[in-house]
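Okay, so here's the structure we're looking at.
The values are calculated or read from the model by the stated rules, or taken from the named source; none is laboratory data. Please read these numbers as outputs of a predicted model, since none were measured by experiment. As a convention, Cβ positions derive from the backbone with ideal geometry for all residues, glycine included, and neighbour counts pool all protein chains shown.
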Amino acid sequence: MGLIFVMPVSETETDRVSVIKKTGTSPKLSLKSYGLPYIFWGYITAILATLFVMYIAIRRPLQKIGHSEDTINLLIYYGVWGTFVAIIAFLLAALFYEKSFLKQSGTLIIKHKIFGVRFKSKVLELEENDPFSVDHHLDSPNIARKNQEDSMRAFQNQGYFTLRANAKGKKPIVIDRHNRKADLKKIAQLLSQY
């Protein structure tokens, strides 16, 4: 998700990073992802405007189909409405999605929220020696990367990096991905401090 929903990389990003200190317990670090860049709000506004124009264009025929008693017509009617609702719900969910990490001692909790409501959560007991690792992935190098020409450097497929949490007794779990290795290393270092 880090390719679109970026996680903070230092404690100076106080709007997205907080340290919760309670007496008698070790401090807890909370990292919350940033929302989508503002350009996506423009894209989604354009998509919603297009859907509105489409609705205006098909409103009357759709109402006639909805009042029909034919099963096929009713399936089309509900299918069109279901498609409209699903597209709008998906776009709004993407705008208001948030991923957060809570790290305390050897425990990492990963939460996924939409509209501030948690819909998925995972608790990991981390290994003590090497709790985090960063790996490089290059699914398919393109011709520009194979030829290694300076003039084609901008067109090279660089791949992406994944941040993995090494949980006790389990395979490493991908917790974030990014196209910059340095950012993932900073997140791993920040999480390792708590």
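Can you pull out the residues in the stretch 171-194 that are closer than 22 Å to Lys28 by Cβ and either more than 20 Å from the chain's Cα centre (by Cα) or free of Cβ contacts under 8 Å to residues at least 12 places away in the same chain (or both)?
Matches in the stretch 171-194: Gln189, Ser192, Gln193, Tyr194.
Being exposed (fewer than 15 other Cβ atoms within 10 Å of the Cβ) and assigned to a strand (DSSP E or B): is that true of His136 here?
Working: exposed (fewer than 15 other Cβ atoms within 10 Å of the Cβ): yes; assigned to a strand (DSSP E or B): yes.
Considered against the rule, which asks whether it is exposed (fewer than 15 other Cβ atoms within 10 Å of the Cβ) and assigned to a strand (DSSP E or B), His136 comes out as yes.
Restricting the stretch 23-61 to residues that are among the charged types (D, E, K, R) and closer than 14 Å to Lys103 by Cα, which is surrounded by the fewest Cβ atoms within 10 Å (Cβ to Cβ)?
Within the stretch 23-61, the match that is surrounded by the fewest Cβ atoms within 10 Å (Cβ to Cβ) is Lys28.
Out of curiosity, is Lys186 exposed (fewer than 11 other Cβ atoms within 10 Å of the Cβ), closer than 28 Å to Lys99 by Cα, at pLDDT 70 or above and out of contact with any strand residue (DSSP E or B) (no Cβ under 8 Å at 6 or more places or on another chain)? So that I can check it myself, show each step before the final result.
Details: exposed (fewer than 11 other Cβ atoms within 10 Å of the Cβ): no; closer than 28 Å to Lys99 by Cα: yes; at pLDDT 70 or above: yes; out of contact with any strand residue (DSSP E or B) (no Cβ under 8 Å at 6 or more places or on another chain): yes.
No.
Somewhere in the stretch 81-97, is a residue surrounded by 15 or more Cβ atoms within 10 Å (Cβ to Cβ), closer than 30 Å to Gln158 by Cβ, modelled with pLDDT under 90 and of a type in the set (Gly, Ala, Ser)?
Yes.
Could you pull out the residue among Leu36, Leu48 that is under 30 Å from Arg177 (Cα atoms), within 28 Å of the chain's Cα centre (by Cα) and in a loop (DSSP other than H, G, I, E, B)?
Result of the check over Leu36, Leu48: Leu36.
Looking at the stretch 84-102, I want the residues that are farther than 24 Å from Lys122 by Cβ and have a partner that is of a type in the set (Val, Ile, Thr) and surrounded by 15 or more Cβ atoms within 10 Å (Cβ to Cβ) with Cβ atoms under 6 Å, at least 6 apart or on another chain. Which pairs are those?
Leu91/Ile44
Restricting the search to the stretch 83-131, which residues are part of a helix (DSSP H, G or I) and among the polar types (S, T, N, Q)?
If we filter the stretch 83-131 for residues that are part of a helix (DSSP H, G or I), which is where we start, we get 83-95.
Listed by number, the list holds a single entry, Thr83.
For the subset of the stretch 160-194 comprising residues that are assigned to a helix (DSSP H, G or I) and of a type outside the set (A, V, I, L, M, F, W, C), which member is farthest from Asp135 (Cα to Cα)?
It comes out as Ser192.
Between a first residue in the stretch 15-26 that is closer than 15 Å to Ser105 by Cα and a second residue that is modelled with pLDDT of 80 or more and part of a strand (DSSP E or B), which pairs have beta carbons less than 7 Å apart while being 6 or more apart in sequence or on different chains?
These pairs meet every condition: Val19/Leu29; Ile20/Lys28; Ile20/Ser30; Ser26/Gln104.
Being surrounded by 10 or more Cβ atoms within 10 Å (Cβ to Cβ), in contact (Cβ under 8 Å) with a residue 60 or more places away in the chain and among the charged types (D, E, K, R): is that true of Lys64 here? So that I can check it myself, show each step before the final result.
Details: surrounded by 10 or more Cβ atoms within 10 Å (Cβ to Cβ): yes; in contact (Cβ under 8 Å) with a residue 60 or more places away in the chain: no; among the charged types (D, E, K, R): yes.
Judged against the criteria, Lys64 is not a match.
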